[in-house]
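Working notes, structure below.
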């Protein structure tokens, strides 16, 4: 998509230098992608301590092992 923007040449040049990309388009794409990534990470960090997941991995493992054992018995019975 083509878009006309008024951007500081100095800022774009610094962005290209810091990012190591060769074109303005690459620099802008990289900057936008990184901005979005940082915002999503900040949202996730803001959830820290707000979600309580009460999972007992031992209990889940036991259920999975029993299920696997049952499937194996059924599989061997079909042979």
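Some notes on this structure:
- Test: residue in the stretch 33-47 that is at pLDDT 95 or above and in contact with a helix residue (DSSP H, G or I) (Cβ under 6 Å, 6 or more places away or on another chain): no
- Unmet requirement for residue 41, which otherwise passes all of (1) exposed (fewer than 10 other Cβ atoms within 10 Å of the Cβ); (2) under 21 Å from the mean Cα position of the chain (by Cα); (3) part of a helix (DSSP H, G or I): (1)
The values are calculated or read from the model by the stated rules, or taken from the named source; none is laboratory data. Owing to the predicted nature of the structure, the values given are computational and were not obtained by experimental measurement. Neighbour counts are summed over all protein chains in view; Cβ atoms, including those assigned to glycine, are modelled from backbone coordinates with ideal geometry.
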